[in-house]
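The values are calculated or read from the model by the stated rules, or taken from the named source; none is laboratory data. Keep in mind that this is a model prediction, so the values were computed, not measured. Glycine gets a Cβ as well: all are built from the backbone with ideal geometry, and neighbour counts include every protein chain shown. Quick note on the areas: whole protein, heavy atoms, side chains included, nothing else; ligands and nucleic acids left out. Shrake-Rupley method; radii C 1.70, N 1.55, O 1.52, S 1.80 Å.
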Amino acid sequence: MVGSSEHQTTTHRTSTMDRVYEIPEEPNVDPVSPLEEDVIRGANPRFTFPFGILFSTFLYCGEAASALYMVRIYRKNNETYWMMYTFFFFMFSSIMVQLTLIFVHRDLAKDKPLSLFMHLILLGPVIRCLEAMIKYLMLWKKEGQEEPYVSLTRKKMLIDKEEVLIEWEVGHSIRTLAMHRNAYKRMSQIQAFLGSVPQLTYQLYVTLISAEVPLGRAVLMVFSLVSVTYGATLCNMLAIQIKYDDYKIRLGPLEVLCITIWRTLEITSRLVILVLFSATLKLKAVPFLVLNFLIILFEPWIKFWRSGAQMPNNIEKNFSRVGTLVVLISITVLYAGINFSCWSALQLRLADRDLVDKGQNWGHMGLHYSVRLVENVIMVLVFKFFGVKVLLNYCHSLIAVQLIIAYLISIGFMLLFFQYLHPLRSLFTHNVIDYLHCVCCHRIPQGRAENSEPSFEAETRQSVV
């Protein structure tokens with residue numbers, strides 16, 4: 001074992017919103033057999049340019065600017081309701097983004113008046129991006145020099161289908177830059193599902209009703225669509241990191257491409273169906289949509305109350321019970337926002353220390369997609385038979401079939417990812433084919449069931465996103 005009083009092992013379990021400050025590059029591993037040593041010493045990680053931080057900041061600024069421009073246009077044209085809803089979606093997501101960055105960076109316990117002021121005027125992502133760029137330039141200038149402060153990080157890696165414990169040193173500056181990356185990943189989730197999804201849905205609705213697409217609205221919808229796609233792709237990556245906290249995980253280009261296609265088709269088909277359904281029934285569609293969202297929102301709390309468990313008190317050590325409750329409500333709202341438009345890839349458990357279910361959740365995933373598919377079919381049928389005044393120049397049957405096919409294709413890419421492209425699929429006790437065989441045939445062959453009986457050790461480490 002490698003250990004020293006000068007080095008302290010980094011802990012990785014604090015909360016769902018502030019978890020692993022992962023290093024973007026995998027360490028180089030010496031070809032040492034895991035049987036010879038308990039821990040393999042990896043090379044120090046390299047730092048990379050924070051493209052993700054720049055891209056997230058660009059999306060935030062672009063969507064904010066285009067939303068404010070459309071607010072101005074709506075006000076000029078005396079379209080009060082359109083202006084109010086556009087401004088509300090922008091403000092709500094922007095405020096939640098500022099709170100997320102403040103929470104992850106723990107600014108309330110630090111003396112940073114400039115950062116807090118920038119967050120107050122909704123420009124927190126900009127100042128944080130500048131801080132990350134400055135940190136990167138400092139690392140670039142000091143490349144090859146050892147930092148006075150380092151910490152030790154340990155992660156498991158799969159080498160030749162064997163679990164190997166890798167340990168490497170992480171400099172303070174690299175860890176700070178990694179913290180910025182994690183903060184922006186969570187910020188992108190908030191922006192995508194609490195701001196871009198409702199904004200995109202509403203602007204599509206306005207476009208459908210008004211039968212015109214001005215340049216400003218088109219730009220706003222493009223920014224919202226890119227933000228939603230990016231946030232949904234990150235949703236899967238963060239879910240894998242959270243559920244496999246002990247493993248060093250890196251997704252390749254093929255895996256990322258599969259996730260992006262899956263999420264893009266899933267979300268776009270779902271949102272277009274919601275827009276067509278709403279445009280068909282107008283105000284009559286509101287109770288259905290609100291009830292749908294409330295069921296998702298209160299489901300974790302109902303399970304929490306039925307379990308009789310106490311509220312977790314280790315979300316953040318400096319938080320009171322009221323602060324903890326506010327954080328849990330915020331996480332629940334985000335969870336509901338994600339599940340309303342796509343699968344969240346996580347099952348929220350408010351009574352659990354980690355706030356998420358780390359066990360196998362094939363049933364949860366299957367139930368979600370089954371319910372959403374039935375909902376989509378019902379809404380498409382409503383549009384087909386009652387949406388005559390919505391799209392007079394297009395064949396409603398063709399549109400309905402295309403939307404359902406797009407949603408089914410997204411499910412196909414999802415199954416493809418879990419069956420062949422998941423980075424830790426070798427840890428699964430059962431995979432997609434096993435689950436489908438069990439559902440279709442209502443039984444698993446006795447021989448295979450006996451051979452695949454997981455031990456207690458395997459059960460504690462296995463999890464499917």
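Results, tabulated for the structure shown:
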quantity	calculated
Hits in region 385-421 (condition: surrounded by 15 or more Cβ atoms within 10 Å (Cβ to Cβ) and at pLDDT below 85)	GLY387, VAL390, LEU391, HIS396
Search result, residues across region 85-129 that are open to solvent by 10 Å² or more (accessible area, probe 1.4 Å), modelled with pLDDT of 90 or more, within 24 Å of the chain's Cα centre (by Cα) and among the aliphatic types (A, V, I, L, M)	MET91, ILE95, MET96, LEU122, LEU123, VAL126, ILE127
Residues of region 175-209 satisfying the condition of being aliphatic (A, V, I, L, M) and in contact with a strand residue (DSSP E or B) (Cβ under 9 Å, 6 or more places away or on another chain)	ALA178
Some residue of region 213-230 being in contact with a Pro (Cβ under 6 Å, 6 or more places away or on another chain) and either of a type in the set (Asp, Glu) or open to solvent by 50 Å² or more (accessible area, probe 1.4 Å) (or both)	no
Yes/no for ARG448 being basic (Lys, Arg) and modelled with pLDDT under 70	yes
Selection within region 341-364 - open to solvent by 10 Å² or more (accessible area, probe 1.4 Å) and not in a loop (DSSP other than H, G, I, E, B)	LEU348, TRP362, GLY363, HIS364
In region 170-192, residue farthest from the chain's Cα centre (by Cα) [restricted to those that are open to solvent by less than 10 Å² (accessible area, probe 1.4 Å) and among the hydrophobic types (A, V, I, L, M, F, W, C)]	VAL170
Residue selected from region 292-343 under the condition at pLDDT 85 or above and aromatic (Phe, Trp, Tyr), by the criterion nearest to TYR230 (Cα to Cα)	TRP343
Search result, residues across region 153-168 that are modelled with pLDDT of 70 or more, surrounded by fewer than 18 Cβ atoms within 10 Å (Cβ to Cβ) and over 14 Å from LEU427 (Cβ atoms)	ARG154, LEU165
Failed item in (1) within 12 Å of PRO423 (Cβ to Cβ); (2) in contact with a Ser or Thr (Cβ under 8 Å, 6 or more places away or on another chain); (3) among the hydrophobic types (A, V, I, L, M, F, W, C), with TRP262 passing the rest	(1)
Condition broken by THR268, with the remaining ones in (1) open to solvent by 10 Å² or more (accessible area, probe 1.4 Å); (2) within 16 Å of TYR202 (Cβ to Cβ); (3) free of Cβ contacts under 8 Å to residues at least 60 places away in the same chain satisfied	(3)
Matching entry among LEU274, LEU289, LEU208 (being at pLDDT 90 or above and surrounded by fewer than 21 Cβ atoms within 10 Å (Cβ to Cβ))	LEU289
Region 251-265, subset farther than 21 Å from GLY337 by Cα and among the hydrophobic types (A, V, I, L, M, F, W, C), residue least open to solvent (accessible area, probe 1.4 Å)	CYS258
Some residue of region 7-22 being hydroxyl-bearing (Ser, Thr, Tyr), modelled with pLDDT under 90 and open to solvent by less than 10 Å² (accessible area, probe 1.4 Å)	yes
